[in-house]
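See structure below.
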Amino acid sequence: MRETSFAIHNYLRHGHLEKVYERALAHRLAKIGLIVHTRHPLSVYDEDGTILGEYYVDLLIGNCLIVEIKACNAIVNDHIAQMIGYLRSSGKEHGLLINFGAPRLFIKKYIFTLDQNNSPPDEM
């Protein structure tokens with residue numbers, strides 16, 4: 001993922017819309033044989049199992065990795081909260097937040113685990 005993201009950023013540079021980077025990443029990952037779902041719907045559940053709503057992650061890789069793509073000057077706390085919310089509500093453990101919009105590529109992995117105290121996810 002990191003190598004492919006870096007190659008895309010090197011080729012396209014910054015300045016495109018998020019959708020362009022999303023399509024580029026999905027295309028290149030599919031070319032190397034990964035299962036990639038774009039704009040994949042995930043349901044948000046209440047604690048009793050009631051569906052509260054649905055959101056769409058930019059990419060879901062192999063049904064286990066959520067990828068959220070940005071094309072902005074800098075990542076802000078709202079972007080991180082969005083990623084953590086996606087992981088928490090989907091039950092997925094791994095997520096990548098990638099920003100193609102700055103001169104330097106930003107990529108950060110998030111790992112969501114709930115311990116016995118339901119503490120928040122860890123950053124890596």
Legend entry - Semi-axes of the equivalent ellipsoid for segment 2-123, Cα gyration tensor, largest first, Å: 26, 16, 13
Inset, instruction - Report, in whole Å, the centroid distance computed from the Cα atoms of segment 76-92 and segment 1-65. - result: 14
Legend entry - Residue-by-residue Karplus 3J(HN,Hα) for segment 76-83, coefficients 6.51, -1.76, 1.60, Hz, glycine and proline x: 10, 4, 4, 5, 5, 4, 4, 4
Inset, instruction - Describe numerically, in nm with one decimal, the distance between label points set 7 Å from Cα along Cα→Cβ at residue 13 and at residue 82. - result: 2.5
Inset, instruction - Rounded to the nearest 500, what is the 222 nm mean residue ellipticity of the chain from helices alone, with -39500 (n - 2.57) per DSSP H run of 4+ residues and division by all residues? - result: -10000 deg cm²/dmol
Legend entry - Cα centre as origin, Lys/Arg/Asp/Glu Cβ charges: the chain dipole, Debye: 840
Inset, instruction - For residue 54 and residue 108, compute 0.36 nm times the residue count separating them, minus their Cα-Cα distance, and round to one decimal in nm. - result: 17.0 nm
Inset, instruction - Go through 51, 9, 94 and say which Cα lies farthest out towards the positive end of the charge dipole of the chain; charges sit on Cβ, +1 for Lys and Arg, -1 for Asp and Glu. - result: 9
Legend entry - Under the Karplus curve 6.51 cos²θ - 1.76 cosθ + 1.60, θ = phi - 60°, whole-Hz ³J(HN,Hα) for segment 28-40, x wherever Gly or Pro sits: 5, 5, 5, 4, 9, x, 7, 7, 10, 10, 9, 6, 7
Legend entry - Net charge, residue 102 excluded, C-beta distance under 14 Å - Lys, Arg +1, Asp, Glu -1: +3
Inset, instruction - Could you work out how far helix 2-12 tilts from the main Cα principal axis of the chain, as a 0 to 90 degree angle to the nearest 10? - result: 40
Inset, instruction - Tell me the GluC sites (Glu not before Pro) within segment 1-44 that lie in a loop according to DSSP and have at most 13 other beta-carbon atoms within 10 Å. - result: none
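Here, each number is a calculation from the coordinates, and none is a lab measurement. Every value quoted in this text rests on a predicted model; they were computed, and no experiment measured them. Note that each Cβ is placed from the backbone with ideal geometry, even for glycine, and that neighbours are counted across all protein chains shown.
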